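First up is the structure itself, then whatever we jot down about it.
The values are calculated or read from the model by the stated rules, or taken from the named source; none is laboratory data. Every value quoted in this text rests on a predicted model; they were computed, and no experiment measured them. Glycine also receives a Cβ, built like all others from the backbone with ideal geometry; neighbour counts cover every protein chain displayed.
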Amino acid sequence: MTGKPAMQEVVAELTTPLSEEDRTTRTVEQSAGPDHFGPDTAENLQRLLEEKGMTDHLPIVLPTEEKVDAMLKATSHKPDEIVGKISPTPGVYEYWSYTVKQVIAAADKESMSSSDNSFAEAVVVNGPIRDEIGLNYGIGALGPFSRANATIGRAYTLLSINAGNCGKVGETYMGVIGNPANYTNIVIAENEKESPWKPFSVRHGFKPEESVVSIFEGWGVISAKNSKYAVWQKDMNFAEELKNIFNDQDQLFGGIAVLSPAVANYVKDEGYDTVDKLTDWLYQGPDEAKPHFRSKAQIHILVTGSSNNLYWDYGGMRYVKSVSVDKWR
């Protein structure tokens with residue numbers, strides 16, 4: 001394109017000193033807008049929020065002062081306490097800080113990055129909070145059958161848009177295809193009672209009586225029946241299926257398995273009475289070859305849903321962190 005030898009250009013670009021302008025660190029700044037829009041009709045406010053890119057293009061419950069004040073009564077923290085900050089891509093876009101008045105526990109990471117990849121986000125919920133707010137971890141656990149599941153997932157996206165400058169198509173969101181999971185994300189309340197193993201949060205150092213939200217990012221999850229390795233036969237070997245599927249996956253985000261309680265108990269009966277034992281075996285390469293994933297920390301096992309059939313999901317998702325819900329009460 002330039003008429004110059006390619007490698008000479010590469011070497012020149014890598015060795016030429018930076019200009020003063022190039023040495024200056026810059027970020028893309030964008031205003032978060034006013035904190036208050038003033039009195040108006042509900043219809044006009046819905047239209048205004050959509051036009052300004054502050055919703056997911058579906059109607060919302062307008063955040064009136066009365067509703068926000070009622071929400072803040074559920075926490076002992078001050079409304080203006082700064083919780084943290086979010087950016088669609090750290091180092092490129094400025095960080096927006098958010099306060100208790102603006103935030104939920106899952107807001108330690110944005111739900112939509114600016115990458116050309118169309119990433120998905122997931123939250124895993126453990127502890128008493130699951131029953132307190134009516135999260136679904138039975139039939140249809142990942143579906144739109146619980147107000148709590150849907151609200152948490154959708155709020156995660158709305159928060160990222162309004163507190164983190166995320167989801168501005170063509171500016172802070174460049175996903176080539178997009179991801180339908182960005183609407184309500186993936187909300188997984190573990191079925192702790194029917195699981196044969198310790199809850200995910202307990203395996204990461206929290207107590208069983210603590211309410212915890214854990215954050216994941218990656219490609220999302222799909223049914224294991226989508227894989228050629230999910231074979232229906234008289235004597236099922238789910239651990240073998242898991243290993244074959246994981247060894248066939250992209251390595252960027254590692255592997256995550258969302259098992260129904262029935263499948264999880266079959267795996268336990270196959271000799272894996274702890275998740276650590278299962279992870280150790282999954283980490284080994286086929287026929288003792290080099291392990292597929294870079295570390296055991298890239299393998300995650302969760303249990304949710306019902307036991308009315310032997311189905312389960314898998315995908316590539318990376319564990320980010322866990323946050324205590326109780327400290328925000």
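Among residues of the stretch 106-130 being modelled with pLDDT under 80 and not hydrophobic (A, V, I, L, M, F, W, C), the one that is surrounded by the fewest Cβ atoms within 10 Å (Cβ to Cβ) is D108. Test P180 against the stated conditions and say whether it is closer than 17 Å to V221 by Cβ and free of Cβ contacts under 8 Å to residues at least 12 places away in the same chain. It is true that P180 is closer than 17 Å to V221 by Cβ and free of Cβ contacts under 8 Å to residues at least 12 places away in the same chain.
If you go through the stretch 291-329 and keep only what is of a type in the set (A, V, I, L, M) and either part of a loop (DSSP other than H, G, I, E, B) or in contact with a helix residue (DSSP H, G or I) (Cβ under 8 Å, 6 or more places away or on another chain) (or both), you end up with I299, I301, V303, L310, V325. Comparison of N309, N247, N237, N265 shows that the only residue that is out of contact with any Phe, Trp or Tyr (no Cβ under 6 Å at 6 or more places or on another chain), farther than 30 Å from K78 by Cβ, loosely packed, with under 14 Cβ neighbours inside 10 Å and of a type in the set (S, T, N, Q) is N309.
Taken over the stretch 55-105, the criterion of being polar (S, T, N, Q) and either under 24 Å from T172 (Cα atoms) or exposed (fewer than 12 other Cβ atoms within 10 Å of the Cβ) (or both) is satisfied by T55, T64, S76, S87, T89, S97, T99, Q102. Might you check whether a residue that is surrounded by 15 or more Cβ atoms within 10 Å (Cβ to Cβ), closer than 30 Å to H36 by Cβ, in contact with a strand residue (DSSP E or B) (Cβ under 7 Å, 6 or more places away or on another chain) and not aromatic (F, W, Y) occurs anywhere in the stretch 218-225? Checked against the condition, which is being surrounded by 15 or more Cβ atoms within 10 Å (Cβ to Cβ), closer than 30 Å to H36 by Cβ, in contact with a strand residue (DSSP E or B) (Cβ under 7 Å, 6 or more places away or on another chain) and not aromatic (F, W, Y), the stretch 218-225 yields no hits at all. Among the residues of the stretch 131-186, the ones that are among the aromatic types (F, W, Y) and either buried (at least 17 other Cβ atoms within 10 Å of the Cβ) or more than 30 Å from S306 (Cβ to Cβ) (or both) come to 3 in all. Among the residues that make up the stretch 287-299, is at least one of them surrounded by 14 or more Cβ atoms within 10 Å (Cβ to Cβ), among the polar types (S, T, N, Q) and free of Cβ contacts under 8 Å to residues at least 40 places away in the same chain? No, the stretch 287-299 has no match at all.
Restricting the first member to the stretch 223-244 and to residues that are within 19 Å of D273 (Cβ to Cβ), and the second to residues that are charged (D, E, K, R) and part of a loop (DSSP other than H, G, I, E, B), the beta-carbon pairs closer than 8 Å and six or more apart or on different chains are N237/E270; F238/E270; A239/E270. Residues in the stretch 228-246 that are out of contact with any strand residue (DSSP E or B) (no Cβ under 9 Å at 6 or more places or on another chain) and either at pLDDT below 90 or assigned to a loop (DSSP other than H, G, I, E, B) (or both): 9 in all. Within the stretch 199-226, the only residue that satisfies the criterion of being charged (D, E, K, R) and closer than 19 Å to F238 by Cβ is K225. It is to be established whether one or more residues within the stretch 320-328 are polar (S, T, N, Q) and either touching a Phe, Trp or Tyr at 6+ places or on another chain (Cβ under 6 Å) or under 18 Å from N126 (Cα atoms) (or both). Within the stretch 320-328 (the criterion being polar (S, T, N, Q) and either touching a Phe, Trp or Tyr at 6+ places or on another chain (Cβ under 6 Å) or under 18 Å from N126 (Cα atoms) (or both)), the answer is yes, since at least one residue qualifies. Among the criteria (1) touching a residue at least 12 places away in the same chain (Cβ under 8 Å); (2) under 28 Å from K207 (Cα atoms); (3) hydroxyl-bearing (S, T, Y), the one S115 does not fulfil is (2). When the residues of the stretch 180-214 are filtered to those that are over 12 Å from the mean Cα position of the chain (by Cα) and aliphatic (A, V, I, L, M), the one that is nearest to G140 (Cα to Cα) is A189.
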